[in-house]
Amino acid sequence: MNKSYYTCLFGGEAGYGVMSAGSIIAKGANRSGLWSFVVNEYPSLIQGGLNSCLVRLSDKPITAYEETIDFLGLFSQQAFDCYADKLNPGAIVLYDATTTKIDATKVPEGTLLCPVALASSIPKGGAKIMINSAMLGAFAAFTGYPKQILIDVMKTEFHNEKIQQENIQILDEVYHLVMETLSSSKTFPFPFEPKAEPKMLINGNEAISIAAIKAGCKFSAGYPMTPGSSVLSYLADHGAEYGLVFKQAEDEIAAINMLIGASFAGTRAIGSTSGGGFALMVEALGFAAQAEIPLVMVNAQRGGPSTGLPTRTAQADLNFVVHASQGEFPRIVLAPGDIEECFYETFRIFNLADTYQVPCIILTDKFLADSSVSQLPFATESLTIERGKLFEAKEQPYLRYENTPDGISARAIPGQVGGRHIATSYTHGEDGFYSSGNKEYALNEPMVTVNSMDKLYNKLPAMEKEIPAIKFYGPPNADLTIIAWGSTKGAILEAMELAASQNISVNFLQILYISPFPITATELVLQQAKKTLLIEGNKTAQLGSILRANTGHKTDYTFLKYNSRAFLPSEILAKIKEVLF
Amino acid sequence: MAAHDINLPYVPTWCAGCGDYGIFMALKKAMTSLNLDLEQTVLATGIGCSSKIGQYMNTYRIETLHGRSLPVATGVKLANHNLTVIAEGGDGDGMGLGMGHFVHTARRNIDITYFIHNNQIYGLTKGQSSPTSDLGAVTKFTPAPLGNVEHPINIVKMALNVGATFVARAFVGNSTQLVSLMEQAISHPGFAVIDILQPCVSFNHTNTYQWYQQRVKPIEEMEGYDPADLEKALTFAGLWGEQIPIGLYYQTLRPTFQDSLPQLSHQPLAKQKIDNIDITNLMQKLY
Ligand SMILES: Cc1ncc(C[n+]2csc(CCOP(=O)(O)OP(=O)(O)O)c2C)c(N)n1
Ligand code: SF4
């Protein structure tokens, strides 16, 4: 079998360090010329339940996963019961016979069953979490993954010297124990390059957070909600070093209003939440639009409606986010599909927010926010800050909402001499004033209203022109055009590769910015398309309805998945074949 | 700065006789006598008759959403702690939708001054009950014969209980005291609250100028008055009826939220240079 991927899965209940075992293997691979993709699945539980960490390794970049397992590391019975049927022929299953009973009829023929006394290799009084070091030692012995690489990662992962030493010792002991009795092992399929250029192991939320810091964001406020929170905790942890203040607010309503206050006062600000929190922020989203105050918000989607599935993925907030708020106003909705887009487009969106003075929403999901990928360091030299039209003291009288041909007026920042004005949530005239009780204003109200609405929408042509709204992959005249958005990108690209290797020709239109909708660019692609297939992680084909509203195009086929898990390349390939043959 | 610098060429649209005029005049006086730099002052208001005050004052202003003046003011203050930040709004605005924010802003002791125009009614939406409406108050939403059956919120008690470091009650009919309390509140380092009793001549026919006039009494004339004593302040705050003490109830100094943040020990966030921030270190941590 031609192996281009190797998949390890660790499963057990919380407290065994399932995820840290996975990330140590992935980091080791990253430092040794390989590429990795790490997907964590965990229930919304503090104790118990089944946590799993899947590490997919390859000798080329990867951004998707398959649940076909080459190495299964078990910390609990439940993990075996859940994953036994996902084993590849010839896989290794490592377990502690005192905690896990293996039913040999449930595993494929040729599976190497390896009982190791993991728990008893922990010194008396040692923490349960150390069992993952025993697991890693046995993993190295059975697979041939270099032990020293794991130890080197541990040395940088564990900051406490004593804990570091204890874990390394356990790893080493179990490694030797297994090696002494080893009768058969499987060789790891990829070569390790000791001097390779290091790569980051980074998830979507980290990429967004780092981009925000790079973009000069100095303020963040929020309220915890999985999977949006880790942007906030990253900024709380690392932001202070860059002079950034993170404020945990009493609720999401306070959070977004704090962001608006800070932005009004001239500071770049970011918030992050998930659908439920975003729902609470909607009123203030309109406020930012009406007052033309730049705002950058992350909505990392999880299952819904309501509290839904806190720790699982979905792409079901699209219509909500694109239309959120009473009234109407232009906004920017970015749906990054991978880590690079999380980074570069987040940096860009801060510039766009300042330039167009509109609310900007970064729409990700649990899968993108939380899965880690090998990534070469970002190239930052060419990233430049653009703060948009700013008031200069000379221009008097100053009208904050001056009607300009492009709808954009100069912002004055509190403290600036000559820039005093009112920023308001009411519909207002050029100076920001609103009062239906004021005689003169009341006379002009219909005109003021039309002008203020037109002003907001006058920004659209320039926004549409500037925003790099779509991406296109694959041969132009393929037999099938896939249309999708957000985190499905990785699985689609891999499915396309598989398709190409079987001489099936598919291309892919990625809608990167969903608002303002890239009508012209999309239509150009659609004109060339022979058949179209829409792929989305929701029940009602939400991008489909947006596509139809904007272009009149109804895709020929749809593939919707809403079972709380991300798309797999193999199932997309199957769908492609079903549609074409 | 002269008083007329604060004026804008708009005539306020409050009903003739509304208490908001008195608060407006007092605020202008207090700001003038403190010689506040209007370019360095931000007034954050909510929504309601009271919140319209921001439309008529020539400082930097942000007219927020109903109930949200305090979180917006907090964002402004954290972004630029050199600004003087004043928040203002009604009793409905502040004690209804804004209650959660009020509690937490006080607890944080961020350096913001908060003036609540308390007319015990919703003015702008034409006469519904407010969280501060008296028991039995007949309003559009609490009709006769029952009237309001919910216990009213006592703003001063509330502020004292949740950690405001400057708490006062004023009556718009006593302008001299109101101006002086406003000056002290703005000068106070920390979260300062004034519950300003303000008649609504159109919709509250019970708590009128006369009603207040007959009841308000300078707090410093009351026995045992000591603005450093929280327990005393709470006892005085309990007086609401035949006698309503007005004046400074309580003042203390506690580190402010913004003083506790090392990031704010130098330049305001809004003044920091943001070109060429080096993130190499952050990326390396992920290797
Ligand atoms: C979210 C929201 N709910 C309701 C309203 C309608 N509203 C406008 S002003 C107001 C009440 C104002 O009462 P208060 O804060 O006591 O101020 P006053 O008008 O008495 O000065 C309400 C409910 C609104 N603007 N926004
Ligand atoms: S309705 Fe009441 S509060 Fe509003 S302006 Fe008139 S008197 Fe003042």
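Tabulated data for the structure shown
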{"quantity": "Residue list for the stretch B:57-71, restricted to those being within 16 Å of ligand 1 (Cβ to nearest atom) and charged (D, E, K, R)", "calculated": "B:E63, B:R68"}
{"quantity": "Considering residues of the stretch A:254-277 that are at the interface with chain B (Cβ under 7 Å from one of its Cβ atoms) and not in a loop (DSSP other than H, G, I, E, B) only, the residue farthest from A:M225 (Cα to Cα)", "calculated": "A:F264"}
{"quantity": "Given (1) within 14 Å of chain A (Cβ to nearest Cβ); (2) more than 10 Å from ligand 1 (Cβ to nearest atom), index of the condition B:D93 fails", "calculated": "(2)"}
{"quantity": "Selected residue (criterion: least open to solvent (accessible area, probe 1.4 Å)) from residues of the stretch B:225-259 that are closer than 27 Å to B:N82 by Cβ and aliphatic (A, V, I, L, M)", "calculated": "B:L248"}
{"quantity": "Residue in the stretch B:140-150 that is within 12 Å of ligand 1 (Cβ to nearest atom) and either away from every other protein chain (no Cβ under 14 Å) or modelled with pLDDT under 95 (or both) present", "calculated": "yes"}
{"quantity": "All strands (runs of 3 or more DSSP E) inside the stretch A:289-400 with 1 or more residues being more than 14 Å from every other protein chain (Cβ to nearest Cβ) and within 19 Å of the chain's Cα centre (by Cα)", "calculated": "A:295-301, A:332-334, A:359-365"}
{"quantity": "Some residue of the stretch B:186-196 being more than 17 Å from the chain's Cα centre (by Cα) and either more than 16 Å from ligand 2 (Cβ to nearest atom) or over 15 Å from B:G22 (Cα atoms) (or both)", "calculated": "no"}
{"quantity": "Wholly within the stretch A:414-484, strands (runs of 3 or more DSSP E) carrying at least 1 residues that are crowded, with 21+ Cβ neighbours inside 10 Å", "calculated": "A:422-424, A:480-484"}
{"quantity": "Residue that is most open to solvent (accessible area, probe 1.4 Å), among those in the stretch B:23-65 that are assigned to a loop (DSSP other than H, G, I, E, B) and either away from ligand 2 (no atom under 16 Å from the Cβ) or among the basic types (K, R) (or both)", "calculated": "B:N35"}
{"quantity": "Lone qualifier among B:A168, B:A137, B:A106 - being small (G, A, S) and either within 14 Å of chain A (Cβ to nearest Cβ) or within 12 Å of ligand 1 (Cβ to nearest atom) (or both)", "calculated": "B:A106"}
{"quantity": "Which listed residue is touching a strand residue (DSSP E or B) at 6+ places or on another chain (Cβ under 6 Å), on the phi > 0 side of the Ramachandran plot and within 14 Å of ligand 1 (Cβ to nearest atom), from B:G48, B:G54", "calculated": "B:G48"}
{"quantity": "Residue check for A:C53: buried (at least 22 other Cβ atoms within 10 Å of the Cβ) and closer than 18 Å to A:S564 by Cβ", "calculated": "yes"}
{"quantity": "Residues that are open to solvent by 10 Å² or more (accessible area, probe 1.4 Å) and more than 16 Å from ligand 1 (Cβ to nearest atom), drawn from the stretch A:270-292", "calculated": "A:G275, A:G276"}
{"quantity": "Filtered residues of the stretch A:89-146 (kept if assigned to a helix (DSSP H, G or I) and under 20 Å from A:S183 (Cα atoms))", "calculated": "A:A104, A:A134, A:M135, A:L136, A:G137, A:A138, A:F139, A:A140, A:A141, A:F142, A:T143"}
{"quantity": "Which numbered condition B:M222 fails, given (1) open to solvent by 40 Å² or more (accessible area, probe 1.4 Å); (2) over 21 Å from the mean Cα position of the chain (by Cα); (3) more than 16 Å from ligand 2 (Cβ to nearest atom)", "calculated": "(1)"}
{"quantity": "Any hit, the stretch A:173-191, residues being within 14 Å of another protein chain (Cβ to nearest Cβ) and of a type in the set (A, V, I, L, M, F, W, C)", "calculated": "no"}
{"quantity": "Selection status of A:P123, open to solvent by 50 Å² or more (accessible area, probe 1.4 Å), more than 14 Å from chain B (Cβ to nearest Cβ) and touching a residue at least 60 places away in the same chain (Cβ under 8 Å)", "calculated": "no"}
{"quantity": "Meets criteria (at negative phi, open to solvent by 60 Å² or more (accessible area, probe 1.4 Å) and under 29 Å from the mean Cα position of the chain (by Cα)) for A:H176", "calculated": "no"}
{"quantity": "Selected residue (criterion: farthest from ligand 2 (Cβ to nearest atom)) from residues of the stretch B:9-22 that are away from chain A (no Cβ under 14 Å) and crowded, with 18+ Cβ neighbours inside 10 Å", "calculated": "B:G22"}
{"quantity": "Qualifying positions in the stretch A:389-403 - open to solvent by 20 Å² or more (accessible area, probe 1.4 Å) and in contact (Cβ under 8 Å) with a residue 40 or more places away in the chain", "calculated": "A:N403"}
{"quantity": "Any hit, the stretch B:263-282, residues being touching a residue at least 24 places away in the same chain (Cβ under 8 Å), assigned to a loop (DSSP other than H, G, I, E, B) and at the interface with chain A (Cβ under 9 Å from one of its Cβ atoms)", "calculated": "yes"}
{"quantity": "From A:G22, A:G17, A:G12, residue being touching a Cys at 6+ places or on another chain (Cβ under 6 Å), closer than 19 Å to A:L94 by Cα and either more than 14 Å from chain B (Cβ to nearest Cβ) or among the polar types (S, T, N, Q) (or both)", "calculated": "A:G22"}
{"quantity": "Wholly enclosed helices (runs of 4 or more DSSP H) of the stretch B:86-192 bearing at least 2 residues open to solvent by less than 10 Å² (accessible area, probe 1.4 Å) and in contact with a strand residue (DSSP E or B) (Cβ under 7 Å, 6 or more places away or on another chain)", "calculated": "B:155-162, B:175-187"}
{"quantity": "Top-ranked residue of the stretch B:66-79 - restricted to ones that are crowded, with 24+ Cβ neighbours inside 10 Å and not in a helix (DSSP H, G or I), ranked as nearest to the other protein chains (Cβ to nearest Cβ)", "calculated": "B:R68"}
{"quantity": "Pair list, Cβ < 8 Å and 6+ apart or interchain, from the stretch A:288-315 residues that are of a type in the set (D, E) to residues that are part of a loop (DSSP other than H, G, I, E, B)", "calculated": "A:E292/A:Q357; A:E292/A:V358; A:E292/A:Y401; A:E292/A:S409"}
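Per-residue answers, yes or no, for (1) in contact with a strand residue (DSSP E or B) (Cβ under 6 Å, 6 or more places away or on another chain); (2) among the aliphatic types (A, V, I, L, M); (3) farther than 19 Å from A:A335 by Cα; (4) surrounded by 15 or more Cβ atoms within 10 Å (Cβ to Cβ):
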site	(1), (2), (3), (4)
A:I504	no, yes, yes, yes
A:L509	yes, yes, no, yes
A:S515	yes, no, no, yes
A:Q528	no, no, yes, no
A:L560	yes, yes, no, yes
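Conditions tested, residue by residue: (1) out of contact with any Gly (no Cβ under 9 Å at 6 or more places or on another chain); (2) within 29 Å of A:R302 (Cβ to Cβ).
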position	(1), (2)
A:A14	no, yes
A:K27	yes, yes
A:N40	no, yes
A:P43	no, yes
A:F80	no, yes
A:A117	yes, no
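The values are calculated or read from the model by the stated rules, or taken from the named source; none is laboratory data. From a predicted model like this one, the values you see are computed outputs, not experimental measurements. Heads up, the Cβs are rebuilt from the backbone with ideal geometry, glycines too, and the neighbour counts pull from every protein chain shown. Protein only, heavy atoms only, side chains kept; ligands, DNA and RNA dropped before computing areas. Shrake-Rupley method; radii C 1.70, N 1.55, O 1.52, S 1.80 Å.
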